[in-house]
């Protein structure tokens, strides 16, 4: 079985967070992990190996800019074989093969959306365009969209009119993507 985990870690610089990720990978027997908001310009191979607890992994990353954003996608080499990848505007699109059981071609996307609705729409539009013209039909999209599908999902903030526009846009993006 392939187990994929996605989480916004809000900074990967501290030892405690790296240990938390390492423990989670080990305890949950994770095959593939998508991390958002690393806040790191670059993550060394030693740090990746340390988090995973093995050097039998591979990864793709997009560095943070001005200590904001940043994503890294890591996987066990014996579970997933990357054929190609493309880093876009706060998203990594990784094509490959699940190698557990019957091999399956799949595209996995790790996305982090921050900022204004306009900036989010740019990322959503890019992702929809890539998927439309893509030959691989099986997709897994993971990440932090910083958007909600309904008012009830928004916690800790009061509802305002701007959210209704964002909710409609986000729901439309999901419908187009599926």
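Rule-based calculations on the coordinates, nothing more; no lab input. This is a predicted model, so every value here is computed, not measured. We place every Cβ from the backbone using ideal geometry, glycine too, and count neighbours over all the protein chains shown.
Quick check, is residue 75 crowded, with 20+ Cβ neighbours inside 10 Å, touching a residue at least 40 places away in the same chain (Cβ under 8 Å), touching a strand residue (DSSP E or B) at 6+ places or on another chain (Cβ under 9 Å) and under 21 Å from residue 30 (Cα atoms)? So residue 75 passes the test.
If you go through segment 106-153 and pick out every residue that is closer than 18 Å to residue 175 by Cα, in a loop (DSSP other than H, G, I, E, B) and out of contact with any helix residue (DSSP H, G or I) (no Cβ under 9 Å at 6 or more places or on another chain), you end up with 4. Quick check on residue 47: is it over 16 Å from the mean Cα position of the chain (by Cα), free of Cβ contacts under 8 Å to residues at least 40 places away in the same chain and either surrounded by 14 or more Cβ atoms within 10 Å (Cβ to Cβ) or outside any helix (DSSP H, G or I) (or both)? Yes. Among residues of segment 80-91 being touching a strand residue (DSSP E or B) at 6+ places or on another chain (Cβ under 7 Å) and surrounded by fewer than 20 Cβ atoms within 10 Å (Cβ to Cβ), the one that is nearest to residue 113 (Cα to Cα) is 87. Scanning segment 115-147 for residues that are over 17 Å from residue 86 (Cβ atoms) and in contact (Cβ under 8 Å) with a residue 60 or more places away in the chain yields one hit, 144. Looking for something part of a strand (DSSP E or B), crowded, with 16+ Cβ neighbours inside 10 Å, in contact with a strand residue (DSSP E or B) (Cβ under 6 Å, 6 or more places away or on another chain) and touching a residue at least 60 places away in the same chain (Cβ under 8 Å) - is there at least one such residue anywhere in segment 50-59? For segment 50-59, residues part of a strand (DSSP E or B), crowded, with 16+ Cβ neighbours inside 10 Å, in contact with a strand residue (DSSP E or B) (Cβ under 6 Å, 6 or more places away or on another chain) and touching a residue at least 60 places away in the same chain (Cβ under 8 Å): absent. All conditions in (1) surrounded by 15 or more Cβ atoms within 10 Å (Cβ to Cβ); (2) not in a helix (DSSP H, G or I) hold for residue 42, with the sole exception of (1).
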